[in-house]
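Asks: Below you'll find the structure I mean.
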Amino acid sequence: MSDKLHYENPLSTRYASAEMLENFGDEKRIRLWRKLWIALAESEMEMGLPITKAQVEELKAHADPIDFARAEEYERQVRHDVMAHVKAFGDAAPAAAGIIHLGATSCFVDCNSEIMILHDGLKILLRKLVNVMDKLKDFALKYKDLPTLGFTHLQPAQLTTVGKRATLWLQDLMLDYENLTGLLSKVRLRGVKGTTGTQASFLDLFDGDGEKVKELERRVVEKLGYREVYPVTGQTYPRKFDYNVLCVLSQIAQSAYKFSNDLRILQSMKEVEEPFEAAQIGSSAMAYKRNPMRSERISSLARYMISLPMNSAVTAGTQWFERSLDDSANRRIVNAQAFLTVDAILELYMNVAEGLVVYDKMIARHVAAELPFMATENILMECVKAGGDRQKLHERIRTLSQEAGMAVKREGKDNDLLARIEADEMFAAVRGRLHEIVDAKKFIGRAPAQTVEFIEGEILPILTRHKDLLGAHGEVRV
């Protein structure tokens, strides 16, 4: 039967990277389950329980390959995924079958492995995030001196520079980086807690010796490469962790959303454009079009990601007492899809950021159309310095500005305010000097300096800290 007969998740088939798909794949998850069972058995053996070294070695020898077909057959019988894999692992290592999962509940493997998968996913996103920052850093520095119209309310305002605007995108990502690394620093496992979190089954195994139970947990967690565990749990790790993770992912999506929307507007203005390949088609009907497909895809995926934390918030708030299983099917979907979505967003963001095209002549044209209005105060003050009456000059330049503005709006003409001022006797003091006064670079304030100071003070320390992660390139899969 053709796979095309069945629905396939586009996050898997079109958008997310292979490494993130593998991170949430069954192969990795079950390998982690087996790693957890081995760590538990080995630690229990070291602590004096009746488990032999030969049994532990057999588990290690048969950790791979995994017979998924056998496990699926067992799950159809027992309707329990963890027990299905306990049986499949036992078939592969029959001498150790009786000691697999000793004292544990399903959440020993399910919760601990889920945290490890989310942890690895966060590290993948960290690498991609700092690479986006690196590419935007280069763009900001390259165009730090190029004047461009600033906008408030999507109306022309004071000038800024192309590079300074890029620092706004970059600062959003810097805040996301701080949240992401803060979360990474606090990742902890569920540990070895038993069915309702009381460790009762392990206390029984060690004849009531609570210190041995604590030492068992410490050893298991250490073998998995961790040191911290949640001090208390119910059957699961706190589902608020999922919510915290998705909030960080949502914030990355929000930053990308802002960037992609800004870029879509700039591309409409023909000022800055996302990459467009030689054979790429913008429209099936209008052959001339260069639609911002990458930016639109970022916006689309970001909108989906931003909606997901509410789902996890509801799950966290409806875990009755020690645990309710209504989180299971939900979390299988939402956690993985959140990571796949942000992974795809960052891949696109990288691709766009390293291929941005700037049309400086078009930018200059737009500046020239608006700057005469913005420069009127400067022109007025120059005339006052030469002995003019400030109030009379103000009224006259206001009248000329209104006339020029109406000619632009009603007649579609270019802004000729400077020519009107040049021809007016009240402004004879600045005649021949207007282009010097109305120099765009005199209206950008500290934008170039702010760009350099921000990058040197805030961004370069981050990139230096993660220099081994740099050099990645974003891929557009389709």
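Asks: Looking at this model, which pairs from Lys409/Lys441; Lys60/Lys223; Lys28/Lys193; Lys186/Lys223; Lys137/Lys258 are more than 21 angstrom apart at the alpha-carbon?
Replies: Details: Lys409/Lys441 26 Å; Lys60/Lys223 13 Å; Lys28/Lys193 23 Å; Lys186/Lys223 18 Å; Lys137/Lys258 17 Å.
Table pairs above 21 Å Cα-Cα are Lys409/Lys441; Lys28/Lys193.
Asks: Okay, moving on. Can you show me the helix-derived [θ] at 222 nm for the chain, built from DSSP H runs with n ≥ 4 at -39,500 (n - 2.57) apiece and divided by the number of residues, rounded to the nearest 500.
Replies: Computed ellipticity for the chain at 222 nm equals -19500 deg cm²/dmol.
Asks: With charges set only on the Cβ (+1 for Lys and Arg, -1 for Asp and Glu), what does the dipole of region 22-165 come to about its Cα centre, in debye to the nearest 20?
Replies: Once rounded to the nearest 20, the dipole reads 1080 debye.
Asks: What full-extension length gain, to one decimal in nm, is calculated for Asp26 and Ile333 as 0.36 nm per residue of separation minus the Cα-Cα distance?
Replies: Residue separation times 0.36 nm, minus the Cα-Cα distance, leaves 109.2 nm.
Asks: Shifting gears a bit: With only Lys, Arg, Asp and Glu charged, each at its Cβ (+1 for the first two, -1 for the last two), find how big the charge dipole of the chain is about the Cα centre; round to the nearest 20 debye.
Replies: 1100
Asks: Straight-line reach only, C-alpha to C-alpha below 15 angstrom: list the aspartates and glutamates that Lys392 could link to, leaving out same-chain residues fewer than 8 apart.
Replies: Glu377, Glu382, Asp424, Glu425
Asks: Mind listing the lone cysteines of the chain, meaning no other Cys beta-carbon sits under 4.7 Å from theirs?
Replies: Cys247, Cys383
Asks: With point charges of +1 on the Cβ of Lys and Arg and -1 on the Cβ of Asp and Glu, referenced to the Cα centre of the chain, which listed residue (Leu463, Leu168, Ala92) lies farthest in the positive direction of the dipole?
Replies: Comparing the listed Cα positions along the dipole, Leu168 ranks first.
Asks: If you don't mind, another one. Might you report the magnitude of the Cβ-based charge dipole of region 376-437 about its Cα centre, with Lys and Arg at +1 and Asp and Glu at -1, to the nearest 20 debye? Intermediate results must be reported in sequence, preceding the final value.
Replies: Numbers: 11 positive and 12 negative charges, 26 e Å.
The dipole magnitude comes to about 120 debye.
Asks: A further question follows. For region 15-99, state the average projected area of the convex hull of the C-alpha atoms over all orientations, rounded to one decimal in nm².
Replies: Directional mean of the projected Cα hull area for region 15-99 stands at 6.4 nm².
None of the figures in this text is laboratory data; all of them are computed from the coordinates on show. Bear in mind the structure is a predicted one, so any value in this text is a computation, not a measurement. Using ideal geometry, Cβ is built from the backbone for each residue, glycine included, and neighbour counts are taken over all protein chains shown.
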